[in-house]
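Report on the structure given below.
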Amino acid sequence: MRIPVFLMLLVCCFSCTRINKLYVKYGEARQTLQSYQDSVIRIYMDRKGLIYPNIPLSDQLIRTNDSRLELLYANDENILQQAATAAGVPGQEDKWIIQDALAKQIAREIRGAAQGKTLVYLIHGFNKHPLRPDKSSAYAENKEMRAKMMEVYPDRRFQFVEIYWDGCTWANGWAPLAAFNSMKIWDNAQPASNNVGVELRRILNATGVAQNYVITHSLGASVATCALFNAEKFAEGDFMTGIRSRYNDTMNYRTPTGQYRLGIIAPAIPGENTFGEFFDRTPKGSDTTNVKVIVGFNQYDPVLRKYVNLSAYAGATTLGCRPSELAQVKRQVNSASATYLYDVDFSLTAKDKKQAVHAFSAYVKNEKAMNSFLEQLFHL
């Protein structure tokens, strides 16, 4: 009887776990990361894509407002006014005006800091806390990636911009339920990635930097692809209608101009369903040749394969692990006259062993493949 009772208790605990606990609060972590003084520009966004203003916010306050800045603003006029002042629009009560002001403020900072440097954006995947657990936190993984680039290119001057977005995290929940919580996280993180990607356009469009590099891991690929072209990965419904309406709002959400080299490592996204819209840019007539993509592929990645190769049925993540999917996307995007999508195989380590680990650090440490990946990213 012990096992069934235990399982019943486990299921009960899982079903009673409030998803709000699993959302990422960028209040206290943001304050901690700001204290590091390492010249990295960091942007924090909630799951609706709203940018965190540069004001002190407690995680408890954020949590009691469903971890959404729009709800916090609606419930606390004092916080709303502090955010408006921080954005440079004192007295403003429209969250979208505050959002646009914050985006332009950040864009000015990026533009100034990137003068004479190689501008690189880093975007983490889902199920990531910025600081916990320490060795696999979004901050630790970004730091490792930054160190790798500076090691391979010691003569380059980099300006790094790290995008921290709410892709949920079981680090906020009870550790024994981590595997179960990951299921809840995945369903919530996917639409969040679209919201964040579309809102990221405000910043990218305002920077005016001619050459941009973007490196993502896992579901971070969804953030970047939604930012750079009009990907429509979800079935018809209210959510997709809302995303499409923003794609068509060219005043605020035109597809970014400038040159982009996008490196998506272990992309936890579908291939055909994402890149079917690769040439869909707004407004019509926009440059469709400004984005080139390098896929960090791994046919043995257990997370992308859903451990038993069910990736097509449990939230498609086939682009990063299935050879036939990658080949089909190449046929979709590339032509005899132009190549826009490349790939680097991370399936084997330097010792010819299967790389059966999804963690970003495992990809960074796969030296031969990572060096090839960076070579293509910076020299296409």
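The values are calculated or read from the model by the stated rules, or taken from the named source; none is laboratory data. Worth saying up front: this structure is predicted, and the values here are computed from it rather than measured. Cβ sites come from the backbone with ideal geometry, for glycine too, and all protein chains shown count toward neighbours.
Could you look through segment 339-363, keep only residues that are assigned to a helix (DSSP H, G or I) and surrounded by fewer than 20 Cβ atoms within 10 Å (Cβ to Cβ), and pick out the one that is farthest from the chain's Cα centre (by Cα)? Talk me through it step by step, then tell me what you get.
Taking segment 339-363 and keeping what is assigned to a helix (DSSP H, G or I), we get 360-363.
Checking which are surrounded by fewer than 20 Cβ atoms within 10 Å (Cβ to Cβ) leaves us with 361-362.
Values: 361: 16, 362: 18 Å.
Of everything passing the filter in segment 339-363, 362 is farthest from the chain's Cα centre (by Cα).
Taking the residues in segment 141-154 that are among the aliphatic types (A, V, I, L, M) and free of Cβ contacts under 8 Å to residues at least 40 places away in the same chain as candidates, determine which candidate is surrounded by the most Cβ atoms within 10 Å (Cβ to Cβ). Quick ask: steps written out before the conclusion?
Within segment 141-154, the subset among the aliphatic types (A, V, I, L, M) is 145, 147, 149-150, 152.
Then drop every residue that is not free of Cβ contacts under 8 Å to residues at least 40 places away in the same chain, which leaves 147, 150.
Working: 147: 11, 150: 14.
Among those that are among the aliphatic types (A, V, I, L, M) and free of Cβ contacts under 8 Å to residues at least 40 places away in the same chain, it is 150.
Take segment 38-64 and flag every residue that is surrounded by 20 or more Cβ atoms within 10 Å (Cβ to Cβ) and either over 18 Å from residue 25 (Cβ atoms) or more than 18 Å from the chain's Cα centre (by Cα) (or both). Lay out the reasoning, then the answer.
Keep residues of segment 38-64 that are surrounded by 20 or more Cβ atoms within 10 Å (Cβ to Cβ), which gives 42-47, 49-53, 57, 62.
Within segment 38-64, 53, 57, 62 meet the criteria.
Across segment 355-371, what is the number of residues that are under 16 Å from residue 126 (Cα atoms) and small (Gly, Ala, Ser)?
2
Restricting the first residue to segment 37-56 and requiring it to be on the phi > 0 side of the Ramachandran plot, which pairs with a second residue that is surrounded by 23 or more Cβ atoms within 10 Å (Cβ to Cβ) meet a Cβ separation below 6 Å and a spacing of at least six or different chains?
49/195; 49/196; 49/199
With respect to the numbered conditions (1) surrounded by fewer than 17 Cβ atoms within 10 Å (Cβ to Cβ); (2) out of contact with any Gly (no Cβ under 8 Å at 6 or more places or on another chain), which one is the sole condition not fulfilled by residue 111?
Unmet condition: (2).
Looking at (1) outside any loop (DSSP other than H, G, I, E, B); (2) touching a strand residue (DSSP E or B) at 6+ places or on another chain (Cβ under 6 Å), can you tell me which one residue 125 breaks?
Here residue 125 meets the rest and fails (1).
Given the conditions (1) farther than 30 Å from residue 147 by Cα; (2) buried (at least 17 other Cβ atoms within 10 Å of the Cβ); (3) β-branched (Val, Ile, Thr); (4) in contact (Cβ under 8 Å) with a residue 40 or more places away in the chain, report the number of the one that residue 19 does not fulfil.
With respect to (1) farther than 30 Å from residue 147 by Cα; (2) buried (at least 17 other Cβ atoms within 10 Å of the Cβ); (3) β-branched (Val, Ile, Thr); (4) in contact (Cβ under 8 Å) with a residue 40 or more places away in the chain, residue 19 is out only on (2).
Give me a count of the residues in segment 233-270 that are more than 16 Å from the chain's Cα centre (by Cα), over 25 Å from residue 211 (Cα atoms) and part of a loop (DSSP other than H, G, I, E, B).
4
Restricting the search to segment 304-313, which residues are modelled with pLDDT of 50 or more and farther than 22 Å from residue 352 by Cβ?
The initial filter retains those residues of segment 304-313 that are modelled with pLDDT of 50 or more, namely 304-306.
Once the filter is applied, which keeps residues that are modelled with pLDDT of 50 or more and farther than 22 Å from residue 352 by Cβ, segment 304-313 yields only 306.
When the residues of segment 155-175 are narrowed to those that are surrounded by fewer than 23 Cβ atoms within 10 Å (Cβ to Cβ) and part of a loop (DSSP other than H, G, I, E, B), which ends up modelled with the lowest pLDDT?
174
Of all residues in segment 229-244, which are touching a Phe, Trp or Tyr at 6+ places or on another chain (Cβ under 6 Å) and touching a residue at least 12 places away in the same chain (Cβ under 8 Å)? Lay out the reasoning, then the answer.
Initially, segment 229-244 is screened for residues touching a Phe, Trp or Tyr at 6+ places or on another chain (Cβ under 6 Å), giving 229-230, 240.
Listed by number, the residues that qualify are 229, 230.
Given segment 3-92, what helices (runs of 4 or more DSSP H) lie entirely inside it while holding 1 or more residues that are at pLDDT 95 or above and farther than 19 Å from residue 203 by Cβ? Explain how you work it out, then say what you get.
Details: elements: 19-22, 28-34, 59-63, 69-75, 77-87.
Helices (runs of 4 or more DSSP H) meeting the threshold: 28-34, 59-63, 69-75, 77-87.
Please pick out the residue among 271, 220, 208, 263 that is buried (at least 22 other Cβ atoms within 10 Å of the Cβ) and modelled with pLDDT under 95. Full working, then the answer.
Details: 220 fails: modelled with pLDDT under 95; 208 fails: buried (at least 22 other Cβ atoms within 10 Å of the Cβ); 263 fails: modelled with pLDDT under 95.
From the options 271, 220, 208, 263, the qualifying one is 271.
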